[in-house]
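Before any comments, here is the structure.
Coordinate-derived values only; no laboratory data. Please read these numbers as outputs of a predicted model, since none were measured by experiment. Note that each Cβ is placed from the backbone with ideal geometry, even for glycine, and that neighbours are counted across all protein chains shown.
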Amino acid sequence: MGVGQSCLTVKKEHGMHEFFVDDEKKIYNEIREWSKTLLEENNPDFNGLPACPYAKAAWAAQRVSVIFKRDPANYHDLWSVISTWDDKVDLVIIVDLAFPEDSEAFHEYLDDINQAISDGMFIDRDIWVMGFHPDQEPNELVDNGSFEPATAEEYAMIFVQRLSKLEESADKIRKLGYYERYFDAYDVENMYKVRHEFYRRLKNGNEP
């Protein structure tokens with residue numbers, strides 16, 4: 001797995017441990033606290049499930065890796081993570097400290113990456129990426145205002161994970177009513193349709 005310019009990821013027998021410089025450690029701790037506070041607690045807006053039902057277990061099992069991107073023109077870390085995916089982790093978070101100012105351009109680039117993955121340009125087609133940009137509108141179903149940032153540093157985040165795991169997990173929680181309020185409140189249905197179509201192509205190729 002590729003590592004960021006100043007983050008060393010060392011594989012251990014029972015998981016993965018990251019060692020960061022000081023500013024990265026503060027951001028890592030902030031992300032970890034953000035996950036605990038907003039993603040891992042039961043949330044009535046997701047029919048009583050956590051906003052991210054599998055996050056707590058993934059962190060506890062040390063199956064989340066965090067790397068840092070500082071070069072605005074360099075996405076080699078992202079390409080490397082996709083091309084050399086390591087199933088010892090469930091999620092890689094790329095903290096983009098040199099993110100583009102245009103939130104729309106940021107997300108369009110990730111959409112293009114997903115298309116390229118599905119088209120086989122990275123060989124492994126069982127990968128999905130999505131992102132968070134600091135200028136995008138907050139998801140009010142997730143962010144209830146209770147989280148206090150620990151650092152003034154602004155950064156985007158790119159999340160990389162197995163498409164099949166994500167889609168199959170989503171199907172399970174969909175049956176539990178997880179998405180009912182979410183789909184009503186936010187125009188995200190098209191994104192989920194695209195993701196499902198890429199999953200279908202992964203499993204069935206060009207068969208209808």
Exercise for review: For D135 paired with D86, estimate the spin-label separation in nm (one decimal), with each label point 7 Å from Cα along the Cα-to-Cβ line.
Suggested key: 3.4
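What is the gain in length, in nm to one decimal, between E153 and K193 on full extension, counting 0.36 nm per residue of separation less the C-alpha to C-alpha distance?
Values: separation 40, 0.36 × 40 = 14.40 nm, distance 3.39 nm.
Value of the extension gain: 11.0 nm.
Using the Cα gyration tensor of region 75-160, with a ≥ b ≥ c the square roots of its eigenvalues, what is the shape: rounded (a/c below 1.5), prolate (a/b larger than b/c) or oblate (neither)?
Numbers: a/c = 2.01, a/b = 1.72, b/c = 1.17.
Verdict is prolate for region 75-160.
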Point to revise | Whichever aspartates and glutamates have a C-alpha closer than 14 Å to that of K172, once near sequence neighbours (fewer than 8 apart) are set aside | key: E180
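Over region 8-204, what portion of Cα pair distances is larger than 24 Å, expressed as a whole percent?
Details: 8009 of 19306 pairs.
Result: 41 percent of Cα pairs exceed 24 Å.
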**Study point:** Mean residue ellipticity (222 nm) of the chain, computed from DSSP H runs ≥ 4 via -39,500 (n - 2.57), nearest 500
**Key:** -11000 deg cm²/dmol
Check your understanding: Which cross-chain or sequence-distant (5 or more) residues have an amide H under 5 Å from the amide H of V142, H modelled 1.01 Å from N in plane?
Key -> none
Study note, to complete from the structure: Yeah, region 101-208 with a ≥ b ≥ c from its alpha-carbon gyration tensor (a/c under 1.5 is rounded, else prolate when a/b outruns b/c, oblate otherwise) is oblate
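Roughly how big is the chain's charge dipole about its Cα centre, with Cβ charges of +1 (Lys, Arg) and -1 (Asp, Glu), in debye to the nearest 20? Don't jump to the answer; show the numbers that get you there.
Values: 23 positive and 41 negative charges, 237 e Å.
With only Lys, Arg, Asp and Glu charged at Cβ, the dipole is about 1140 debye.
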Practice item. Provide the net charge surrounding R174, with neighbours chosen by a C-beta distance below 11 Å and charges set as Lys +1, Arg +1, Asp -1, Glu -1. Key: -2
Review point. Can you list the lysines whose alpha carbon sits under 30 Å from that of K175, skipping same-chain ones fewer than 8 residues off?
Key: K36, K56, K88, K165, K193, K203
Point to revise | Residue among H76, Y179, Q62 farthest towards the positive dipole end of the chain, charges placed on Cβ | key: Q62
Study note, to complete from the structure: Projected onto the charge dipole of the chain (unit charges on the beta-carbon of Lys, Arg, Asp and Glu, signs +1, +1, -1, -1), the Cα from A105, S169, N139 with the largest positive-side position is that of S169
Check your understanding: So what is the relative contact order for the chain, in percent, with contacts set as C-alpha pairs under 8 Å and at least six apart?
Key -> 21
Exercise for review: Taking the Cβ of K36 as the centre, find all other residues whose Cβ is under 15 Å away and add up their charges (Lys, Arg: +1; Asp, Glu: -1).
Suggested key: -4
